[in-house]
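Q: Just dropping this structure here.
The values are calculated or read from the model by the stated rules, or taken from the named source; none is laboratory data. Owing to the predicted nature of the structure, the values given are computational and were not obtained by experimental measurement. Cβ sites come from the backbone with ideal geometry, for glycine too, and all protein chains shown count toward neighbours.
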Amino acid sequence: MDFAPGSDLKLLRKAIREFAEDIVAPQAGIMEDTGRMPPELPGVLAAQGLFGVCLPFACGGTRMTSLERLVTLEEVARISPAAAVYLAAQHTAAAAVLEGAREKADILPDLAAGRRTAALALSSGSPGLTCRITGDGSHRLDGNTAWCQGDAQPAFFLVEARDAPGVPALFILPHPTAGVHYGRLSSAGLRGSQAGPLVLSAACLPPASRLAGFRAGPAGDPVAAVHVLGFAACALGVMQAALDAGLDFARKRVLYGKAIAHLQAVQFRLADMFADLEAGRLMAYQAASRFDQDKATPLDLYALHRFLKSAAVRNCRKAVEIFGGYGALKDFSAERCLRDAQALAAGGFPGFTPSGPGPLGPVLVPPASPFLL
């Protein structure tokens, strides 16, 4: 088995890394200071072609593979997890429209060009929003979801609601719409990424607003898979940033006449961080490759999501430990990495719950490993 990335993937990683370091990094500092995304940043990301990576060329997209998209988001997240979460939300919305919207011609090119943006209100695992059909055939949405993330002024919300039998469904909810209130929460992590509660009170939508006709692949709902892989990319980017920061500090910090990188306790932490990062990266890259081949299962995605939620926080905490007292200061990047990882793990970018009748379908019993004879 050859896991080495091809030349095209290496060139893509290099190009996105240079773009993130040169263009996104200054904006990331502004987001960290103000807690808001600079209004010019979405346009810069769209001009780079990063909005339409899930869309075909005919819709103005670049039609990246899942692995290419994962690498792209990972490199952006290494510099600004908030910007990567924002992009991943747009990708999920674009995938949902591509898969299930009846009217796509006007929406998809605008999404690819960044002329329209979205926010995700995905209340998986909780009652959240409810839907019922009114006498004239329209859908009435009521309830609230605690975490809606994406653009601060979206053209529409991608909303998950449950009908009377409790079956989840996705809706395109235009913004503004009567009966919709979109709030904002101040978060310690992922600063600059809009997030807050979405409250719906008798919000009425036409029948065409309900997304349907999703292809049933082995991984379940493809929109859910795009969502989980986006989370994985953001987590990997934070973990890489934490490892880079910890290694750089360990080489430069001198104690008793030599760099602390020579201390065994520091080496153990760096080795643990590297192991977690490489394990998570292998799981994510394999899941992305398998998804592109229609071979991924709900278990692949659920295991990936569960592992990276804890591994990201664990890695960033070890980076803070390497920094010692400096790790608590905002002057050093390890402090921000930990806050961002905790926001991701706590629901800053929630994943679908693939148990029961959710979008990913039931979690299957894992097959026997082919390496265990």
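Q: Tally the residues that are surrounded by fewer than 23 Cβ atoms within 10 Å (Cβ to Cβ) and assigned to a strand (DSSP E or B), restricting the search to segment 131-148.
A: 9
Q: Before we move on, is L158 closer than 18 Å to A94 by Cβ, touching a helix residue (DSSP H, G or I) at 6+ places or on another chain (Cβ under 6 Å) and either modelled with pLDDT of 90 or more or in a loop (DSSP other than H, G, I, E, B) (or both)?
A: yes
Q: Further question: Look through A188, A178 and report the one residue that is surrounded by fewer than 16 Cβ atoms within 10 Å (Cβ to Cβ) and at pLDDT 90 or above.
A: A178
Q: Being part of a helix (DSSP H, G or I) and either buried (at least 19 other Cβ atoms within 10 Å of the Cβ) or among the aliphatic types (A, V, I, L, M) (or both) is the filter here, so list the residues in segment 296-308 that pass it.
A: Matches in segment 296-308: P298, L299, D300, L301, Y302, A303, L304, H305, L308.
Q: When residues of segment 285-329 are filtered for being free of Cβ contacts under 8 Å to residues at least 12 places away in the same chain and under 22 Å from D33 (Cα atoms), how many remain?
A: 4
Q: Whether any residue in segment 110-120 is surrounded by 15 or more Cβ atoms within 10 Å (Cβ to Cβ), polar (S, T, N, Q) and not in a loop (DSSP other than H, G, I, E, B) is what I want to check.
A: no
Q: Just wondering, is there one or more residues in segment 259-271 that are under 19 Å from the mean Cα position of the chain (by Cα), of a type outside the set (G, A, S), in a helix (DSSP H, G or I) and not assigned by TED's automatic domain parsing to the domain that holds L190?
A: For segment 259-271, residues under 19 Å from the mean Cα position of the chain (by Cα), of a type outside the set (G, A, S), in a helix (DSSP H, G or I) and not assigned by TED's automatic domain parsing to the domain that holds L190: absent.
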